[in-house]
Amino acid sequence: MTAEDEAKQLDSVTDRVQEKELDASRANQALGALSTTASPSTADSGKVIAVKKEDVDVIVAELEVTEDEATAALREAAAEEGGRNIEGQQLVAAALRRLVVS
């Protein structure tokens, strides 16, 4: 098979791929819905739960999850404790347990 034949065969295969165009308005609507939806930890209590960067870094290093996942786990663990203020190692341990179990 010559190089020209191979090129034609490759073109015939790649010509069959159909590209889908993304509807921009639907994409913007979906992104808007995501950004306006409150996370469960802030929706229930009505307050914002702050997490320390060091705690996020520990979880990312230990479990190799993204910073967003680590932050969410810390916030959920803090919200789960309700009125009891837990910080530092206790909060990190609760978040690690939450990620390992899920």
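The values are calculated or read from the model by the stated rules, or taken from the named source; none is laboratory data. None of the values given here were measured: they were computed from a predicted structure. So basically every Cβ, Gly included, is an ideal-geometry build from the backbone, and we count neighbours across all protein chains shown. For accessibility, only protein heavy atoms count, side chains too; no ligands or nucleic acids. Shrake-Rupley method; radii C 1.70, N 1.55, O 1.52, S 1.80 Å.
Which of (1) touching a helix residue (DSSP H, G or I) at 6+ places or on another chain (Cβ under 8 Å); (2) modelled with pLDDT of 85 or more does Ala93 not meet, given it meets every other one? Only one criterion is unmet by Ala93, namely (1).
Somewhere in the stretch 63-83, is a residue more than 18 Å from the chain's Cα centre (by Cα), part of a loop (DSSP other than H, G, I, E, B) and modelled with pLDDT of 70 or more? So far as the stretch 63-83 goes, yes, one or more of its residues are more than 18 Å from the chain's Cα centre (by Cα), part of a loop (DSSP other than H, G, I, E, B) and modelled with pLDDT of 70 or more.
Within the stretch 36-62, being modelled with pLDDT of 85 or more and open to solvent by 80 Å² or more (accessible area, probe 1.4 Å) holds for Lys52, Lys53, Glu54, Glu62.
Before we move on, is Val17 at pLDDT below 85, touching a Leu at 6+ places or on another chain (Cβ under 7 Å) and not in a helix (DSSP H, G or I)? Against the criterion (at pLDDT below 85, touching a Leu at 6+ places or on another chain (Cβ under 7 Å) and not in a helix (DSSP H, G or I)), Val17 does not qualify.
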